[in-house]
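Below is one structure; the comments refer to it alone.
The values are calculated or read from the model by the stated rules, or taken from the named source; none is laboratory data. Note that the coordinates shown come from a computational prediction; the quantities given were computed from them, not determined experimentally. A quick note on method: Cβ atoms are made from the backbone with ideal geometry, for glycine too, and the neighbour counts reach across all protein chains shown. Quick note on the areas: whole protein, heavy atoms, side chains included, nothing else; ligands and nucleic acids left out. Shrake-Rupley method; radii C 1.70, N 1.55, O 1.52, S 1.80 Å.
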Amino acid sequence: ATRSGPIQTQEAAGPRRSGEIARHPLTGALEGYDAVLVEVNFGPGVSAPEHRHPGSILGYVVDGKMRFAINNEPDQIVPAGGTFFEPSGALHTAFGSASPDTPVRALVFLVVPNGSPLTERATTRRDP
């Protein structure tokens, strides 16, 4: 059988959904914390508003270029294959696609208190 009509590719469909892929409680010295893996996707030129995370994050850019900055430091452009790190409680001041023409996709690993949300409003003050 043959298909009629266009076949939709990921680019044609737009960016993938962002979200939590896995969350597992840690044991031993890290009991009381969860290890969380998240996929983050931004359309071309799209960025997240300022925010904080309740734990440290380590990110890996899978596709595209990520604009990244914490604590009002200068923006960094992280290419595909690059990584970024954010200490617990830092103010995430730039986070999104660095290109007006292409989306960005990243995998982010976080260690956060058991059951906690992954982001907090920028107005929430946390001591790192």
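Only residues in the range 77-105 that are within 16 Å of residue 40 (Cβ to Cβ) count as the first member; pair them with residues that are among the basic types (Lys, Arg) and at pLDDT below 95, Cβ under 7 angstrom, at least 6 apart or cross-chain, and list the lot.
Here the result reads 92/52; 105/16, each pair linking the range 77-105 to a residue that is among the basic types (Lys, Arg) and at pLDDT below 95.
If I ask for residues that are closer than 10 Å to residue 95 by Cα and of a type in the set (D, E, K, R), which ones from the range 68-82 would you list?
Answer for the range 68-82, where residues must be closer than 10 Å to residue 95 by Cα and of a type in the set (D, E, K, R): just 75.
With the requirement that a residue be within 21 Å of residue 112 (Cβ to Cβ) and either open to solvent by less than 70 Å² (accessible area, probe 1.4 Å) or modelled with pLDDT under 95 (or both), what does the range 43-60 give you?
Result: 48, 49, 50, 51, 52, 53, 54, 55, 56, 57, 59.
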